[in-house]
1. Mean projection of the alpha-carbon convex hull of the stretch 84-191 over all orientations, in nm²?
2. Can you compute the helix-only [θ] at 222 nm over the chain? Use -39500 (n - 2.57) per DSSP H run of at least 4 residues, normalise by all residues, nearest 500 deg cm²/dmol.
3. What is the order of Thr387, Thr261, Thr315, fewest Cβ neighbours within 10 Å to most?
4. Please state the relative contact order of the stretch 186-300 as a whole percent: Cα pairs under 8 Å, 6+ residues apart?
5. Could you work out which residue, out of Pro231, Pro210, Pro71, moves most in a Gaussian network model of the chain, that is, has the largest mean-square fluctuation with Cα springs under 10 Å?
6. If you rank Arg384, Arg263, Arg179 by fewest surrounding Cβ atoms within 10 Å, what's the result?
7. Once the piece of chain linking Val243 and Leu257 is laid out straight, how much longer is it, given 0.36 nm per residue of separation minus the C-alpha distance between them?
8. To test your reading of the geometry: what angle, between 0 and 90 degrees and rounded to tens, separates the Cα axis of helix 267-288 from the longest principal axis of the chain?
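Derivation of every value follows stated rules applied to the coordinates shown; laboratory data play no part. Keep in mind it's a predicted model, so treat the numbers as computed, not measured. Neighbour counts are summed over all protein chains in view; Cβ atoms, including those assigned to glycine, are modelled from backbone coordinates with ideal geometry.
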Amino acid sequence: MLIQKIETFTEANYDYLFELHKHYHANPELTLFEFNTAARQAEEYRKAGCDQVALLAGTGVVALIENGSGPTILYRNDHDALPIQEENDIPYRSTMPNVGHLCGHSMVPAISVGVVRNLVSLKDHWSGTAVIVSQLGEESGDGARKMLNDGLYERFPRPDLALAWHCSPTLPGGTVGIRKGPTMACAAHLDILVRGVGGHGGFPSETKDPVVLAASIVMRLQTIVSREVNPLEPAVVTVGSFVTNSQKGTVIPSEVLLKLTVRCFSYAVYLQILEAIERICRGEAIATGLPEALFPKVMPFSFFTESVYNDPELTTKVEEIFVDYLGQNRVRKEPAYTFAEDFAHYADGGRIPLSFLWLGSVDPAKFDADGKPKEVLPSLHSPRFLTHPPTTIRTGVNAMTVGIMGLMGTVLTE
């Protein structure tokens, strides 16, 4: 049976893939600086027998497997690390101070190598084209756009559909998570420069205190979602940083810098929130008595991460393939999350259907017989987030191989 062949190939490669995962995990590289990781990943794709391998946008890798007529499927993984000190006590913990693979990005590139090895070994059983993308800069939110701007869809075949795994911090290894429709929020980051007239902390009447103004803005921003956005539209406005240009309690500063993130599932809602932020800043500045020349400056970042929308038709097909392979009890329904994922940009404005898939990566021993966690599980980006290699690698490689081949039209029960 073909399924047994796939699993046999995966098992034969398991030790190698585990060592590759450990190598990436111990040697993490930050967003847009994944030079050694990209070189190793490109080497692995070449060794696996890909027809073409190239670097895009500096540290992104694209591999091509051409195998006759049929659909073109893009399968993406990502390989950048986070500026977080790992706290896991494992032999292959990060060797880089304050840098760690704490979002599963040491796991998914190793899994992709296993998938590629399987697809190359099983060419007699499928027909089509596989475009494998090992992406830089997912954590910065602009890695996908950088690869697209560097000609991904011009230099390689344009995909008919795109798939991606992401490690789940809530699902046990051996399971997968499916979501149809809105899946991950769009995300924008922006700064607000709040200005005032500084002076002596003991004589505030001669100043225009930007700390008080900034505090008023922060409090009013909390009313945007609760009082202005339709309550049926999920949205988040978070102020994550509040910094003045003074470090003394006796000094009223002249500036405060606020750093925000905005999350929602609709671009129209994002524009509504942005307009409200600008209005609140103007209104609070007027109430403070500031001259217009010193009104707060709202400065959106230069990029915007679109919302991930899982195409219902494609995702239904993937779900059916996974249920046939894994069984209904190992295919879980996932909620929408207000995390952001630049996998959305591979859709090319909605013209290419996507399916962003969750891969269970938690040690199954941490769940009881009813499938409930026995303990508080570390979240993504936690210094203690850790995947469970035996179940995550095997399920990730096998299920994605089965998924891609099934979408190519392969009869998997042959």
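1. Result: 10.7 nm².
2. It comes out at -11000 deg cm²/dmol, rounded to the nearest 500.
3. Listing Thr387, Thr261, Thr315 from fewest to most nearby Cβ atoms yields Thr261, Thr315, Thr387.
4. The value is 41 percent.
5. For the chain, modelled as a Gaussian network with Cα springs under 10 Å, the answer is Pro231.
6. Going from sparsest to densest Cβ surroundings: Arg384, Arg179, Arg263.
7. Extending this stretch completely gives an extra 4.5 nm.
8. 20
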